[in-house]
1. For segment 105-179, just run the numbers: alpha carbon Rg, then divide by 2.2 N^0.38 Å, N being how many residues it has.
2. Counting pairs on different chains as well as pairs 8 or more places apart, how many Lys pairs in segment 57-171 have Cα atoms under 17 Å apart?
3. What is the chain's relative contact order, in percent, from Cα pairs under 8 angstrom and six or more apart in sequence?
4. What fraction, in whole percent, of alpha-carbon pairs in segment 49-155 exceed 21 Å separation?
5. When the helix-only estimate is applied to the chain (DSSP H runs of n ≥ 4, each -39,500 (n - 2.57), divided by the residue count), what is the mean residue ellipticity at 222 nm, nearest 500 deg cm²/dmol?
6. Roughly how many percent of the accessible protein surface of the chain is carbon and sulfur, given a 1.4 Å probe and a whole-percent answer?
7. For the chain, what is the largest minus smallest coordinate of the Cα atoms on each principal axis, given in angstrom and ordered from greatest to least?
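The values are calculated or read from the model by the stated rules, or taken from the named source; none is laboratory data. Quantities reported herein were computed from a predicted structural model and do not represent experimental measurements. Keep in mind that these areas ignore ligands, DNA and RNA; they rest on the heavy atoms of the full protein, side chains included. Shrake-Rupley method; radii C 1.70, N 1.55, O 1.52, S 1.80 Å.
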Amino acid sequence: MLNRGLKITGIVLFILLALAGLIVWKYDFPKKINLTYPAVEFRPGDPSTVDKTTVTVKGTLHRKLFRNQQFTGSIKVAKYKLTMARMFPVTFYKDIKEGWGSVTYFNEQYKATGAISTSTLIGFTNVWKQGEFDSVKLLLFEPVGTGQGQGKDLQILAPATDYDSALTLSEQYKERGQY
């Protein structure tokens, strides 16, 4: 009788632990993000390329255990009209350049009736973040806003207010392997 009671208790405990583990594994620990930063667009080594702007990050950061983080929402750069369009979710891959992601927008053209006439995906930038968007590095695809671009050295760092603060932040990302 005592043996049977221990078996039942063990089975129930195992099932409860398995359910709890499954819930923790599936749950994505969402974090609402709503931040606006002063930002600087520049090319490293050339202070004359500085252009001040703002970066707004608004949406939800999904922080699943043992898996890549994903951001759904928008990353808008005041300087670029394209970033006002709908954004594809960004996955931050832990095993690629220490947390790399790619920002892509849906560039949609509308008919007079309001229906979508054409829709293209525009790759805008590689992106890295620290923590829960404590800082952001965008390595823009050039030419900016076209369908086919490649990352060169035009970058936006936030929060930054001048060339020196942006370059310092960029170097911190570089030291972590986040180009």
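1. For segment 105-179, the normalised Cα radius of gyration is 1.41.
2. Value for segment 57-171: 17.
3. Across the chain, relative contact order equals 18 percent.
4. 37
5. Helices in the chain give a 222 nm mean residue ellipticity of -7500 deg cm²/dmol.
6. Percent of accessible area from carbon and sulfur atoms in the chain: 59.
7. 83, 49, 26
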